[in-house]
Each structure stands twice: as structure tokens, then as C-alpha cells.
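**Student:** Here's a structure for you.
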Amino acid sequence: MILKILGVGICSVIINVIIKQYKPELAVLVNVCGGLLIFLIVVNSVTGVVNELVQMEDGAKLQIDIISPIMKVIGIGYITEFTAELAEDSGNKAISTKILLGGKIAICSLAIPLVKKLIATIFSII
């Protein structure tokens, strides 16, 4: 998998450098396409990670309402970072920072129920 990612990344950079000399407006499109290809390669391997977490959950008898928000937080973090970097690569630094802010707020809103459960568990132990 890593060789595919590196190959797509190197090809995107080389094509970007060549195209930027002749058609700078198309260089952004090359960046976006390269980034999306890498994202699709990574998404295919995420299913294995999710399956492994589900097996761990079954073995440890964890509640699904704990694992699901954690997976959502991780997904939001990765997708937000990827999108913000695409915006920054295209020259939109202001939009990139707004995307990151939105991702942080979404993560905080998903983390509130987990914090409530953690506090309830701590008080039940005490």
C-alpha cells in the first residue's frame, strides 16, 4: 500500500511541476486528483482497521456506543485534515483554517457523550 501511495505522490509532484510551467491553473487540479487517488488507496485499507476494532470490541465486551463515536472522531479528524490541506494547496489558506475549525468543533460535539460516560464511570467507582 505504501508503495502505491508513494508512487501516486511522486507522479503527482512531477506532473504538477511540468504542468505548472505551461498551465498554472491546471496544477491545482493535478494536486486535487493526486490527493483523491491517495485518499482512495487509504480508504481501502481502513476497512481492515475497522474490522480489527470490531473484533477487539467483541473480545473485550465493550459497548458499541463507545467504539462508534471514537471511530467517528478519527474519521472526522482525517477527512478534515485532508480537506484543509487540499484547500491550502490550492492557495486558500483562509478557507483551510475555517475547515480545521469546523472539524475541531465537530470532534468536540462528538466527544461530549464520551466525557459524560467517563465522568459517570468515575463517580460510580468512587
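Computed from the coordinates by the stated procedures, all read-outs in this text should not be read as laboratory data. Computed from a predicted structure; not experimentally measured. Virtual Cβ from ideal backbone geometry, glycine too; neighbours counted across all protein chains shown.
**Student:** Answer rounded, prolate or oblate for segment 63-126, using the Cα gyration tensor with square roots of eigenvalues a ≥ b ≥ c: rounded when a/c is under 1.5, else prolate when a/b is larger than b/c, else oblate.
**Tutor:** Judged from the Cα gyration tensor, segment 63-126 comes out prolate (a/c at least 1.5, a/b above b/c).
**Student:** Please give the net charge around SER124, taking every other residue with its beta carbon less than 14 angstrom from that of SER124, where Lys and Arg add +1 and Asp and Glu add -1.
**Tutor:** So the surrounding residues net to +2.
**Student:** Also: Under 20 Å between alpha carbons, and skipping anything fewer than 8 positions from LYS117 in its own chain: which lysines qualify?
**Tutor:** Leaving aside lysines fewer than 8 places away in the same chain, those within reach of LYS117 are LYS61, LYS72.
**Student:** Shifting gears a bit: So how compact is the chain: Cα radius of gyration and Dmax in angstrom?
**Tutor:** Cα only, the chain: 19.5, 69 Å (Rg, Dmax).
**Student:** Does segment 1-50 come out rounded, prolate or oblate, given a ≥ b ≥ c as the square roots of the eigenvalues of its C-alpha gyration tensor, rounded meaning a/c under 1.5 and, failing that, prolate meaning a/b above b/c?
**Tutor:** It comes out oblate by the Cα gyration axes.
**Student:** Let me ask something else. To the nearest 20 debye, what is the magnitude of the charge dipole of the chain about its Cα centre, counting +1 on the Cβ of each Lys and Arg and -1 on the Cβ of each Asp and Glu?
**Tutor:** 240
**Student:** Related question: Considering only the other residues whose Cβ falls under 15 Å of the Cβ of LEU36, what net charge follows from Lys and Arg at +1 and Asp and Glu at -1?
**Tutor:** Neighbour charge sum, excluding LEU36 itself: -2.
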